[in-house]
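S.K.: Mind having a look at this structure? Questions to follow.
The values are calculated or read from the model by the stated rules, or taken from the named source; none is laboratory data. The structure displayed is predicted, hence computed values, not measured ones. Please note: Cβ atoms are built from the backbone with ideal geometry, for glycine as well, and neighbour counts cover all protein chains shown.
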Amino acid sequence: MGFSKRLSKAAALGVIAAGAAALLTATPAQAASHCHFSNTTGRYSCSGSNSVRGPNDVIGSKLFTGYDYSGDSLTIWVDRPCPKNNYVDYTIDLGSAMRKKVTSVQAWSTCWTWLYFEDGSRDGPYQGNDPDVGTWANDRAVTVGLS
């Protein structure tokens with residue numbers, strides 16, 4: 001947006017100030033999305049957990065795009081708490097909304113969260129609330145494993 005050459009400096013400053021005030025009070029263009037995926041049903045939705053989870057599902061993990069559990073999130077539902085059997089019991093390939101965007105993780109229902117990267121390496125297990133997965137793992141995960 002340009003200003004007319006005949007616009008006085010004071011008028012131009014008033015227009016700029018009004019525009020800045022509108023930007024400060026406007027609602028964000030897009031609020032953070034909070035999506036859900038059920039390993040039991042194979043369903044994914046950003047319209048609440050009731051549309052995806054099975055009748056006995058429990059939360060296995062929550063992933064976030066921002067530090068300290070902020071930004072977009074993905075809640076992963078599983079059919080039972082993770083058994084501690086030295087196996088990765090669930091693996092979920094991340095879709096475009098979370099792929100290479102995970103920054104913080106919460107482990108739930110005895111499930112430990114593993115982050116897998118394109119090069120085949122992984123990081124974890126994240127066993128509780130991790131507000132920052134660290135510089136090595138940040139924004140690299142393409143698959144999540146729960147054990």
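S.K.: Anything in region 39-64 that is of a type in the set (A, V, I, L, M), out of contact with any Pro (no Cβ under 9 Å at 6 or more places or on another chain) and touching a residue at least 40 places away in the same chain (Cβ under 8 Å)? List them, or say none.
M.R.: 59, 63
S.K.: With assigned to a loop (DSSP other than H, G, I, E, B) and crowded, with 21+ Cβ neighbours inside 10 Å as the only criterion, which of 88, 102 stands out?
M.R.: Unique residue meeting the criteria: 102.
S.K.: In addition: Among the residues of region 52-85, what is the count of those that are farther than 19 Å from residue 97 by Cβ and assigned to a loop (DSSP other than H, G, I, E, B)?
M.R.: Count: 11.
S.K.: Quick test for you: out of 75, 110, 103, pick the one residue that is modelled with pLDDT of 95 or more and over 17 Å from the mean Cα position of the chain (by Cα).
M.R.: 110
S.K.: Right, here's the next one. Output yes when any residue across region 52-65 is surrounded by fewer than 20 Cβ atoms within 10 Å (Cβ to Cβ), under 11 Å from the mean Cα position of the chain (by Cα) and among the charged types (D, E, K, R), and no when none is.
M.R.: Taking every residue of region 52-65 in turn, at least one turns out to be surrounded by fewer than 20 Cβ atoms within 10 Å (Cβ to Cβ), under 11 Å from the mean Cα position of the chain (by Cα) and among the charged types (D, E, K, R).
S.K.: Tell me, yes or no, whether region 110-119 has at least one residue that is part of a loop (DSSP other than H, G, I, E, B), in contact with a Gly (Cβ under 8 Å, 6 or more places away or on another chain) and free of Cβ contacts under 8 Å to residues at least 60 places away in the same chain.
M.R.: Step one: of region 110-119, the residues part of a loop (DSSP other than H, G, I, E, B) are 110-112, 118-119.
Filter once more, keeping what is in contact with a Gly (Cβ under 8 Å, 6 or more places away or on another chain): 111-112.
Filter once more, so that each one left must be free of Cβ contacts under 8 Å to residues at least 60 places away in the same chain: 111-112.
Yes, there is a match, as at least one residue in region 110-119 is part of a loop (DSSP other than H, G, I, E, B), in contact with a Gly (Cβ under 8 Å, 6 or more places away or on another chain) and free of Cβ contacts under 8 Å to residues at least 60 places away in the same chain.
S.K.: Got a sec? Which of 83, 125, 131 is touching an Asp or Glu at 6+ places or on another chain (Cβ under 6 Å) and either more than 22 Å from residue 43 (Cα to Cα) or of a type in the set (A, V, I, L, M) (or both)?
M.R.: After ruling out the rest, the residue left standing is 131.
S.K.: On the basis of being of a type outside the set (S, T, N, Q), modelled with pLDDT of 95 or more and part of a loop (DSSP other than H, G, I, E, B), does residue 42 make the cut?
M.R.: Yes.
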